[in-house]
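Worksheet: the structure to be examined is printed underneath.
Where a number appears in this text, it was derived from the coordinates with a stated rule and is not lab data. On a predicted model such as this, the values are computed, not experimentally measured, just so you know. Neighbour counts run over all protein chains shown; Cβ positions are idealised from the backbone, glycine included.
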Amino acid sequence: MSSGGSTVITANYGRFRRRMITAVVTLVLLLIGGGIGLGVVLGRDDDPGSEAAPVPDAELPELGPVTPVLAGLSSDAPVPDADVLATRLTPLVTGSALGPGTAAQVVDVTTGEVLFDQQSDAPVTPASTAKLLTAVAALTALDPADTLATTVVSGAAPGEVVLVGGGDVTLSRTTPSRSYPGAPTVEDLATQVLAALPAGTPVTRVVVDGSLYSGPLTASGWGPGDAPSSYAAPVTATAVDGARVSPGSTARSGQPGLDAGAALADALGAPSATVVLGQAPPGAKTLGTVRSAPIARLVEQALSMSDNVLAEALARQVAIARDEPASFEGAGKAVTDALADAGLPVGDVTLADGSGLSGEDVVTAEVLAAVVTGAADGSLGDAAALLAGLPVAGYDGTLADRGDADPATAPGTVRAKTGTLLGVHALAGTVVTADGRLLSFAVVADASTGGEAVAENALDEFAAQLAGCGC
């Protein structure tokens, strides 16, 4: 699965649903068996002439000791032996599957000790693992609880409204969103606008203001077929459904701003209204505002789905927060500077975009491992939310179809961000060893010639060796 694209993976909740249904049925049977009628339980009052039978006090069963299901990892768990790891991992990172130029690092999260290093300071192309840098910058430069606003204001003439983009690409044409749980909706925005307009005012023109962003719509290093495609679109401050052509679809649009304006016109009951790009008049009256999910949630969604459009939106917010131009160049500088301020080794880092889609992005395995380690050990403050967005091997996101099928060992053991471009294959995240030790790791092969499946298998084996280590 290419992490350069953006794929929504729906987790299998079948077992959870079955347990919930079983629990409900069991509760009802217990209530009936205990002499409590369903009419009493549900508060029926269809027989006003009858009095409810008294309900005896509930007697709760005595419970024995409970073992925590999500117990914290023990800091006393054995640290893997560095020599053993070198014996197991070196053939993987120097073999034909990944190529001799592969960079890698493994770190013990508790102590910060480097347990394995393969030219981790060498500059490499990160592909979508670059989103880890954008994520940490967003979580540290912004308040993770902040939200992004999309506003409609009055236009310069009667019947004209202006949709002002604030960078929230998750604004949804459906209720609820098919791609971004918790996203605001065009319907809500339109309802506010109609209530604010004088009664009977027809909307004849929708202006879309995307002036929050500046510079080119695509990044240096993007190919001519990257935007629009199934995984990217021109980066604009105003969009709907992650710049998708239609809600829930894979294809992205070449005109996200106009699509957003058309969606608003439809929701206002004015599908024939003219939709154009422009700017809001100074001092325009606000007619409606909706807000995105919190920044922390947007980070999770950008990482789990490897959503390039959402990652670029987050990078622009970092630029705005640091008083840089809201452009690709400004965002790249802002993200790098935010990481430097956080104490990360970014001397060799160059970012042409915020998503890793550009082949001109340069990072090191050392900085990728440091980002994950800092999020995991708490030294990067609010960056801990990054961990919640890492795909879980064998369960969700871009690792849903990768990893051990044995539920006793796989789900939750490896959580990592994938990265894939032509000739580039990467994996960076956390792993819990068989002894219960938490490690961070990063592996980047940017000169691989063995094919995607072969390279991904080698990366998965690297993570599996760490997970299976009782060494």
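Table for the structure above
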| read-out | value |
| --- | --- |
| Spin-label model distance (nm) - LEU194 vs ALA82, 7 Å beyond Cα toward Cβ | 6.7 |
| Gyration tensor verdict on the stretch 297-362 (Cα atoms; rounded if a/c is under 1.5, prolate if a/b is larger than b/c, oblate otherwise) | rounded |
| log₁₀ of I(q)/I(0) at q = 0.17 Å⁻¹ - the stretch 149-293, Debye sum with one point per alpha carbon | -0.87 |
| Set of lysines with alpha-carbon distance to LYS417 below 26 Å, sequence-local pairs under 8 removed | LYS131, LYS333 |
| Ranked packing of 117-129, 343-355, most packed first, by mean Cβ within 10 Å | 117-129, 343-355 |
| Ranked by how many other beta carbons lie within 10 Å on average, peptides 106-115, 261-270, 292-301 from highest | 292-301, 261-270, 106-115 |
| Gained length - VAL114 relative to LEU63, 0.36 nm times residue gap less alpha-carbon distance | 13.9 nm |
| Those aspartates and glutamates that a straight Cα-Cα span of less than 15 Å connects to LYS285, excepting residues fewer than 8 apart in one chain | GLU160, ASP209 |
| Tensor-based shape of the stretch 166-226 (alpha-carbon gyration tensor, a/c under 1.5 rounded, otherwise prolate or oblate) | oblate |
| Counted charge near ARG291, where neighbours are those whose Cβ lies closer than 11 Å (Asp, Glu -1; Lys, Arg +1) | -3 |
| Relative contact order (%) - criterion: Cα under 8 Å, at least six apart; region: the stretch 149-293 | 37 |
| Shape call, the stretch 408-467: gyration tensor on alpha carbons, a/c limit 1.5 | prolate |
| Mean Cβ neighbour count within 10 Å, used as a protection proxy, ranking 362-374, 85-97 highest first | 362-374, 85-97 |
